[in-house]
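To start, the structure under review is shown below, and the notes come after it.
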Amino acid sequence: MDAWFDEWFDEDYATLYAHRDAAEAALAVKTALRHGPELAQGPVLDVACGSGRHLQALRKHNPEAFGLDLSSCLLGRAPEPLRPWLVRGDMRTLPVRPGCLAGITLWFTSFGFFPDAVNRRVLIDLRQLLRPGGVLLLDLFNPHRLVRELVAVEATEQPDLKVRTRRSLEDSRVVKRMTLIRESTGRSREVVERVRIYPPDTLDGMAAEAGMVRSKTWGTYDGTPFQPDRSPRWIALYKVKP
């Protein structure tokens, strides 16, 4: 399967998701700190941090927080004061010493990009970086609602960018095929996203195999309790087993 994530997270991606802004990230981090105070109490790694909107919010509470992302484009869009705390790297080979982190965060569906065996290995590797009492936060789409309400075809517009999206469910993945057109240049490109769908019970089992247990779950960035039929997100906090 092609490594679609190697090419996609660029300026077009940033334009398409510009509505996911600093205010949303600040709210999400505020809620996460309420449920997981460990995220403010030691070194915390924001994996797949992009341009650092969540990391910037977290560092207001935790000066030991830092971020990692594969995309040099998104890292280059980070605010200048944040850049010393950013590392370019791949979550499959994290350059972090085992057992040194108080927490790890993966925001905005940044887990599930790989084949199932690799995703499971990533979760185990992430747990190995956590110290006793450490926590892992996963922010994913709500799989129950996604499957039920999948929009097969959608056309959207952002400033200077028109997007036609076709969605499908294939081999336990949600697949988005997008045609993007830059109006200012007339440039057109095709992009594909493939993200594995994991029901909460499956993720709990994967986390247990890695040595973690789920301690909190919520369904929106403001902390509304998770409801399988209504919540837009599935946000969970896992803690290293004693």
(request) List every residue pair whose Cβ atoms sit under 6 Å apart, with the two residues 6 or more apart in sequence or on different chains, where the first one lies in the stretch 149-173 and is within 19 Å of Arg196 (Cβ to Cβ) and open to solvent by 70 Å² or more (accessible area, probe 1.4 Å) and the second, anywhere, is among the hydrophobic types (A, V, I, L, M, F, W, C) and assigned to a strand (DSSP E or B). (result) Arg166/Val153
(request) Only one of these is over 25 Å from Tyr17 (Cα atoms) and modelled with pLDDT of 95 or more: Gly103, Gly67. Name it. (result) Gly103
(request) Assess whether Gly67 counts as being open to solvent by less than 20 Å² (accessible area, probe 1.4 Å), in contact with a helix residue (DSSP H, G or I) (Cβ under 6 Å, 6 or more places away or on another chain) and over 20 Å from Ser215 (Cα atoms). (result) yes
(request) For the stretch 86-145, name all the residues that are open to solvent by 30 Å² or more (accessible area, probe 1.4 Å), of a type in the set (Val, Ile, Thr) and not in a loop (DSSP other than H, G, I, E, B). (result) Val87, Val118, Ile124
(request) Give just the number: which of (1) modelled with pLDDT of 95 or more; (2) surrounded by 13 or more Cβ atoms within 10 Å (Cβ to Cβ); (3) under 30 Å from Val191 (Cα atoms) does Thr15 not satisfy? (result) (1)
(request) Kindly establish whether Gln41 is under 24 Å from Pro242 (Cα atoms), surrounded by fewer than 20 Cβ atoms within 10 Å (Cβ to Cβ) and at pLDDT 95 or above. (result) no
(message) Just to be sure I understand the filter: pairs with C-beta atoms under 8 Å, separated by 6 or more residues or on different chains, first member in the stretch 4-28 and without any contact (Cβ under 8 Å) to a residue 40 or more places away in the chain and within 18 Å of Arg59 (Cβ to Cβ), second member crowded, with 16+ Cβ neighbours inside 10 Å and small (Gly, Ala, Ser). Which pairs pass?
(response) Ala22/Ala57; Ala26/Ala57
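The values are calculated or read from the model by the stated rules, or taken from the named source; none is laboratory data. Remember, predicted model here, so these are calculated numbers, not experimental data. Glycine also receives a Cβ, built like all others from the backbone with ideal geometry; neighbour counts cover every protein chain displayed. Accessible surface areas use protein heavy atoms only, side chains included; no ligands, DNA or RNA. Shrake-Rupley method; radii C 1.70, N 1.55, O 1.52, S 1.80 Å.
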